[in-house]
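Data first, discussion second: the structure below is written as structure tokens.
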Number of protein chains: 2
Amino acid sequence: MRHFAFFASAAVLAFAASVTPAAAEEGMWTYDNFPIARANESLGTHIDQGFLDRLRLSSVKFGGCSAGLISGEGLIMTNNHCVATCVANLSTPQLQYAETGFLPKSREEELKCQGATAEILTDISDVTERINKAAHGLEGQAFTRARESEAGRIELEACGTDKTIRCQVVSLYRGGQFKLYKFRKYDDVRLAWAPEDRAATFGGDLDNFSFPRFAIDAAFIRVYEDGKPAQTPTHFTWNADKPTEGEPVFLSGNPGSTQRLLTQAQLMTIRDVVLPMDQLIASELRGRLIRYSEEGDEQAFIAMDPIVGVENTYKRGVGRMRALTDADFMDRLAGQETVFRRSVAESEVLSAQVGDPWANLAAVQSDARELYAPMALLEGGTGMGTTSVAGGSNLFGYAKTLVRGAQERAKPSAERLAEYSDSRLSGVEARLFAERPTYPELEQIRLEWWLSKTREWLTVDSPYMAALLGKESPEGLSARLVAGSKLADPAVRRALWEGGLAAIQASDDPMIQYALRIDADSRAVRTDWENKVDGPTSKASEQLSAARFAVYGDTVYPDATGTLRLTYGKVEGSDVPGQRFGAFTTFAGLWDRATGAEPFVLTPGLQAARDRIDPNTVMNMAVSTDTIGGSSGSPVLNAKGEIIGANFDSTVLSQRNAYGYDIRTNRSVIVTTQAVTTALRDVYGLDHLLVELGVK
Amino acid sequence: MRHFAFFASAAVLAFAASVTPAAAEEGMWTYDNFPIARANESLGTHIDQGFLDRLRLSSVKFGGCSAGLISGEGLIMTNNHCVATCVANLSTPQLQYAETGFLPKSREEELKCQGATAEILTDISDVTERINKAAHGLEGQAFTRARESEAGRIELEACGTDKTIRCQVVSLYRGGQFKLYKFRKYDDVRLAWAPEDRAATFGGDLDNFSFPRFAIDAAFIRVYEDGKPAQTPTHFTWNADKPTEGEPVFLSGNPGSTQRLLTQAQLMTIRDVVLPMDQLIASELRGRLIRYSEEGDEQAFIAMDPIVGVENTYKRGVGRMRALTDADFMDRLAGQETVFRRSVAESEVLSAQVGDPWANLAAVQSDARELYAPMALLEGGTGMGTTSVAGGSNLFGYAKTLVRGAQERAKPSAERLAEYSDSRLSGVEARLFAERPTYPELEQIRLEWWLSKTREWLTVDSPYMAALLGKESPEGLSARLVAGSKLADPAVRRALWEGGLAAIQASDDPMIQYALRIDADSRAVRTDWENKVDGPTSKASEQLSAARFAVYGDTVYPDATGTLRLTYGKVEGSDVPGQRFGAFTTFAGLWDRATGAEPFVLTPGLQAARDRIDPNTVMNMAVSTDTIGGSSGSPVLNAKGEIIGANFDSTVLSQRNAYGYDIRTNRSVIVTTQAVTTALRDVYGLDHLLVELGVK
């Protein structure tokens, strides 16, 4: 895109001018394009390329989380909530590690996390030219397939079939750049320490997405090679000291997804239509689940995870809503859009190439507004909101997968719905055949809620109601489906999957029959959505990305896409309305906050260690680095590259990060190495780990 | 205000130009300022002052509802939901009229509605000059008191102590005009017919605030004088014919409250802060109540009314949110504000007199946004939202009234909180001593929900949490309070009330102790709110009203305030996104909609009458008249002044009526006289009423 460089500089100046000076700390930078000079200037540090290389080679991708190597023998710190599945899998009804903590006294007691992998990014190379060349002159599906094929070839050439390496061609700047990322991959990952769930989630939903915070949301894993701890000479040095307010920090992790190129018109649709529906109906589900959880101990157990899930999503939505109704924040985004749009308009070449994506996206919004509810409620996959079909009912999910899977597999792969193409089928099967508990009462709550909310939002007079409810009530229909379905049994699901369309059509399982009954309507809704909303949006978004890359090149950072990024900032509190706090919390604060009533109950271990712990020890801290979901577990480094904490959360007001960075509100919430050191020593007595970390 | 007339005409033209031509139907007009010519021109009718007088003298105020005289012997039609309290009071556990309908076969069987009154507006006279003179030169409280005293004198002079007359000085244009309204008052009101609740609310919450609709939400009452039916020679003529699409209609009733002078800044606060909190937490309460109602028959009975209440308020909020996020609607309001503001700015005299109320109101909003949640949750009475303290717990309400009542009555009346001034005490006592059932489980749900939402919205770190929760959990605290309180017993409440402050302070009732414990905090919140939000808002709103009256005089209508108004429009369907329907529904539609599953279950009476009823009979219709809550039961008249229906609802999208009239969406929902005639004849067999109505 060098041919647009002639006006990039002026535009960049204009862009920079529209950003507040403090927003120098903005940016989820790729490691091969990190603004070293700008960071040093902003922070007063002296980092160099060697610093970046060490950080990158010590940073770990662990599933959807981030992590950091902390010893030469494969020891890694991440968040406790990142090892929750491993902890659950290792537990038995008699030995619930979430209750007790997982506390191996030696390496020999470390236990394998089934299915877990840990990856370190070892090489980055540019393959943009090769990808672009492969798709040159092609359009539509042929264009996409040519790119995908070329990416596959590049990956195979670079990595072969070596199981210890993974290659991935990543698209940055939404197709403006393609890079080959090469990872050292470990598939023997063992759990080395996990605290009690209650210590890691102290404060529960009330403290979630907030600060002050008092949570030991940390855990250790270890990578093994040939049955022995892997040798990892490059790793972060453990710094157990008290952190300093105002000190520079770097945060290295894999932020999941940002949408910082959404136009004002798109943001208004999210503000006015998507979030209100999602949040209002989620709030009602939350109420139903809370009341259900109070009906007995078993109900409380069944409802616990669903409530945590709903509350987490809901609270994120609250933060996003606050962003979209914050006039200052929105004015700043609008100002950036105006500057960018003007830059494009002023270039005839660029305008001719990309058209007016803003106008195109604005034109889509009336359909998006009208079709969001039916799409979200009947088919899902809007890419815009959080409402899930059938309220996340397992049984309905199985039935839909079985019905669609049977219908789609009867076609050639290229003609199928994308999620049933040959390359995705093994994933579909893995999910479909997985052993998961199904609780009929929970299924009833989810389905009944979904049916009643769908009827409410689409109205009784919607043409979809005939198939969706017929003459039944949400209560009666869901009861009938849940009581009659056998899909909770994996063997039943497997038989139906293997039996194909004939087995599906012959099935008398009421959930299968129901999924069949509403299938035509939900497919029709999806087609409508794809034609009127998703298709035009994708096309205009690509135009927008092309324009952005043309104007700004890589002087700006790409949207987060789950790839490794480095961000920087300072240890810093906050002082804006609705978010006023200092930079640190201490164990003294934890003792104060512990009321003895859930969710503010101390673990017995913390209770017992209370007198041994220096009350001024810093537990958690706030830093101003630019993060988003997926950054969980990200190592936080000081200017010397020493690890001083792990990111485990942000704040409600930081949820605007999805749409744009706001230095006033953006705060990552960090569990400090000082707190972890104290916990390992005074609470858990895991001296072998302290020795390994070099703690005296 | 005649001295500003010189620029009123230009401003009015500008104002009119900013309004769509169709909005000619806008306006809740007072009877003494109805735009006869404009209505005739818009509708093609030929109404005159005599027409208006007959309508006024046939219109009835019935509690918070509206109604219309339909015979010379005191028979009145209103909505069934307006007689719900009367029906409940007349019922016994063995004879539930809401289930069976109330179907007296003759006048002798009509039963008195305790405490009900019916009033007819007989005279209107202007007392503006007298009121203004009384308060001339005064400021602040003295100003308000002088006006109130003068109004009291005027009322006494005009009505004396005659129990059959009521006089009321009403403030219109928010103090721009004062009128003396004189009513003929009837306090012997008897129930003459009420259908089954299920026939009147067919479709339940799903059909509430919507159209098409299939509800017989009508009821008859009769006013008595000296134990005999009152003679009411002026009344509406009953027209049992099928209504005609497009025909002109007039709607005469008592709309409760509109806020059409809210500025853009105020509306944004409602959109961004007030409605989101109110709606989200109401939705959770709804979920808790719905799940509770499913736990058993008794729970279903207990939860029924609370659910109806929450759902009604919630749905109104949905409509208001849609208004505030409708760009076209909001642009229109903003345009009107701009024109109005410019008119004021262009007059030096007026500007000097009223200042810049828009800027003053804008300046209040940051405090309003920050203080809304604590005020709504701790003290209530924000005048902005619908969240009520303690979730509407009876027991807490009693305790707060007892605590505040004792504290306030220890002071001279003039120094008390307004709601405990001497003139209000009898009302406070009536509510406090009333026999009402208290359901401990419902109390628990309300209190627990309120405590947990208050903690969530104010955050755990709010200074209010110490008194509000201390070290207890919402679940534990509410359980302790509900289990220990004796306030469900009216005798206990009476003893505490009569015992005054000493009794309150000595009480060991945990709810009393709790109300005392949080009293200082909630009073502090209220003081803060009054100083920073309510006071400045009232002052600026008065400036705004003065400016509006100066610019437009009475060429515009005043905001609704519960006084009698006449509106006009047409029988008309709707065709905008989210609201597409024809003008009529028929019994044939009812048969189709009746699925047999709640809330779409036919009454046995309707079932049995099905073959007798002409399926083309119009049940309900939509009309474009300008209405708001309080218009329930309003008689709908044709151009001849014959009654053709009663207003019983509007639509979700019509909720924007609070902020401004929108011809595109505004629709009132009417039960037709044709449907009522058919029901009386074919379902209920009440021939004596048909004879009285003159139906052949």
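FYI, it's all coordinate maths here, none of it is from the lab. No experiment lies behind these values; they were computed from the predicted model shown. Positions of Cβ are generated from backbone atoms using ideal geometry, with glycine treated the same way; all protein chains shown enter the neighbour counts.
Under 10 Å from the Cβ of residue B:477, count the other residues' Cβ atoms, weight Lys and Arg +1, Asp and Glu -1, and hand me the total.
Values: positive: B:471, B:480; negative: B:448, B:472, B:475.
Local charge sum for residue B:477: -1.
Using a cut-off of 19 Å between alpha-carbon atoms, which lysines can reach residue B:163, once sequence neighbours fewer than 8 places away in the same chain are excluded?
Leaving aside lysines fewer than 8 places away in the same chain, those within reach of residue B:163 are B:61, B:112, B:182, B:185, B:228.
Identify, for chain A, the residue whose C-beta comes nearest the rotation axis onto chain B, and round that distance to whole Å.
Output: A:287, 1.
Going highest first, how would you order A:456-464, A:270-278 by mean Cβ packing within 10 Å?
Working: A:456-464: 16.8, A:270-278: 22.0.
Most protected by this proxy first, the peptides run A:270-278, A:456-464.
Going toward the positive end of the dipole of the range A:264-545, with +1 on Lys and Arg Cβ and -1 on Asp and Glu Cβ, which of A:361, A:478, A:490 do you reach last?
Working it through, the farthest residue towards the positive pole turns out to be A:490.
Around residue B:229, what is the net charge, scoring Lys/Arg as +1 and Asp/Glu as -1 over all other residues with Cβ under 12 Å from its Cβ? Let's see the in-between values first.
Working: positive: B:107, B:190, B:222, B:228; negative: B:73, B:108, B:110, B:188, B:225, B:226, B:692.
Value of the local net charge: -3.
As a check on your grasp of the helix formula, calculate [θ] at 222 nm for the protein assembly as shown: sum -39500 (n - 2.57) over DSSP H runs of n ≥ 4, divide by the residue count, round to the nearest 500. All intermediate terms of the calculation are to be shown ahead of the outcome.
On the way: 56 runs with 632 residues, N = 1392.
Result for the protein assembly as shown: -14000 deg cm²/dmol, rounded to the nearest 500.
Students often forget the sequence filter, so: which aspartates and glutamates lie under 16 Å Cα-Cα from residue A:411 once same-chain residues fewer than 8 apart are removed?
Straight-line reach from residue A:411, under 16 Å: A:419, A:422, A:498.
So, how do all the Cα-to-Cα distances of the range A:264-545 break down into 5 Å bins, in percent, from 0 on up?
1, 5, 11, 13, 16, 15, 13, 10, 7, 5, 3, 1, 0, 0
Once you place label points 7 Å from the Cα toward the Cβ at residue A:411 and residue A:597, how far apart are they in nm?
According to this spin-label approximation, the distance is 5.6 nm.
Would you mind checking the radius of gyration and Dmax of chain B based on alpha-carbon positions, in Å?
25.7, 72
Using Cβ contacts closer than 10 Å as the measure, can you line up A:626, B:48, A:534, A:123 from fewest to most?
Working: A:626 28, B:48 10, A:534 20, A:123 15.
Starting with the residue having the fewest Cβ neighbours, the order is B:48, A:123, A:534, A:626.
Assuming 0.36 nm per residue, please report the length gained on full extension of the stretch residue A:228 to residue A:342 beyond their Cα-Cα distance. Present the calculation step by step, with values, prior to reporting the outcome.
Numbers: separation 114, 0.36 × 114 = 41.04 nm, distance 5.89 nm.
Result: 35.1 nm gained on full extension.
Set the Förster radius R0 to 35 Å, insert the Cβ-Cβ distance between residue B:99 and residue B:242 as r into 1/(1 + (r/R0)^6), and round the FRET efficiency to 0.05. If you can, show how the numbers build up before the last one.
Details: r = 31 Å, r/R0 = 0.88.
Between residue B:99 and residue B:242 the formula returns 0.70.
What does the average come to when, for each residue of peptide A:284-297, you count the partner chain Cβ atoms lying within 10 Å of its Cβ? Don't skip to the end; give the middle numbers.
Working: counts 12, 3, 5, 14, 9, 4, 9, 13, 6, 1, 7, 3, 0, 0.
Shielding by partners across A:284-297 averages 6.
Mind listing the label-point distances from residue A:111 to the same position on all other copies, shortest first, one decimal in nm, points 7 Å along Cα→Cβ?
Copy-to-copy label distances at residue A:111, shortest first: 6.9 nm.
Suppose a student asked you for the relative contact order of the range A:200-332, using Cα pairs under 8 Å spaced at least 6 residues apart; what percent would you report?
Numbers: 58 pairs, mean separation 28.8, N = 133.
In percent, rounded to a whole number, it is 22.
Quick one: length gained pulling residue B:304 to residue B:139 fully straight, 0.36 nm per residue minus the C-alpha distance? Working shown, then result.
On the way: separation 165, 0.36 × 165 = 59.40 nm, distance 4.87 nm.
So the chain would gain 54.5 nm between residue B:304 and residue B:139.
Using the Cα centre as the reference, give the magnitude of the dipole from point charges on the C-beta atoms of chain A (Lys, Arg: +1; Asp, Glu: -1; all else neutral), rounded to the nearest 20 debye. Numbers along the way, then the final one.
Working: 73 positive and 90 negative charges, 159 e Å.
Approximately 760 debye in magnitude.
So if I place +1 on the C-beta of Lys and Arg and -1 on the C-beta of Asp and Glu, and nothing else carries charge, what would the dipole magnitude of the protein assembly as shown be about its Cα centre? I want it in debye, nearest 20. It would help to have the intermediate numbers written out before the result.
On the way: 146 positive and 180 negative charges, 218 e Å.
Here the protein assembly as shown has a charge dipole of around 1040 debye.
Neighbour counts of other C-beta atoms within 10 Å: give me B:621, A:330, A:77 arranged from fewest to most. Don't skip to the answer; put the middle values down first.
On the way: B:621 31, A:330 19, A:77 27.
In increasing order of surrounding Cβ atoms, one gets A:330, A:77, B:621.
Let me have the relative contact order for chain B, percent, based on Cα pairs under 8 Å that are six or more residues apart.
Working: 1272 pairs, mean separation 175.7, N = 696.
So the answer I get is 25 percent.
Compute the label-point distances linking residue A:126 to its equivalents in the other copies; points lie 7 Å from Cα along Cα→Cβ; give nm, one decimal, shortest first.
8.1
Provide B:624, A:149 in ascending order of the number of other Cβ atoms located within 10 Å of each residue's Cβ, fewest first.
On the way: B:624 27, A:149 12.
Final ranking by Cβ density, sparse to dense: A:149, B:624.
Placing a label point 7 Å from Cα toward Cβ, how far apart in nm is residue B:501 from its equivalents in the other copies, listed shortest first to one decimal?
8.4
How would the protein assembly as shown be classified by its alpha-carbon gyration tensor: rounded, prolate or oblate, with rounded meaning a/c under 1.5 and the a/b versus b/c comparison settling the rest?
On the way: a/c = 1.72, a/b = 1.66, b/c = 1.03.
Prolate, because a/c is 1.5 or more and a/b exceeds b/c.
May I ask for the net charge around residue A:529, where only other residues with Cβ less than 13 Å from the Cβ of residue A:529 are counted and Lys, Arg are +1 while Asp, Glu are -1?
Local net charge: -3.
What is the gain in length, in nm to one decimal, between residue B:36 and residue B:295 on full extension, counting 0.36 nm per residue of separation less the C-alpha to C-alpha distance?
Working: separation 259, 0.36 × 259 = 93.24 nm, distance 5.70 nm.
In short, 87.5 nm is gained.
Please work out the FRET efficiency for the pair residue A:53 and residue A:331, using the Cβ-Cβ distance as r and a Förster radius of 45 Å; give the result to the nearest 0.05. Display every interim value, and only then the final one.
Values: r = 40 Å, r/R0 = 0.89.
Calculated value: 0.65.
Enumerate by residue number the trypsin sites (Lys or Arg not before Pro) in the range A:63-146 meeting two conditions: DSSP loop (anything except H, G, I, E, B), and at most 13 other Cβ atoms within 10 Å of the site's Cβ. Walk me through the numbers before you get to the answer.
Working: sites: A:105, A:107, A:112, A:130, A:133, A:145; in loops: A:105.
Answer in residue order: A:105.
Any idea what the dipole of the range A:264-545 comes to, in debye rounded to 20, about its Cα centre with Lys/Arg Cβ at +1 and Asp/Glu Cβ at -1?
Numbers: 33 positive and 42 negative charges, 46 e Å.
With only Lys, Arg, Asp and Glu charged at Cβ, the dipole is about 220 debye.
Between residue A:351 and residue A:431, how many nm apart are label points set 7 Å from Cα along the C-beta direction?
So the label points at residue A:351 and residue A:431 sit 4.5 nm apart.
Lysines near residue A:315 by alpha-carbon distance under 22 Å, same-chain residues fewer than 8 away left out - which ones?
Counting by Cα, and skipping residues close in sequence, residue A:315 has these lysines nearby: A:453, B:453.
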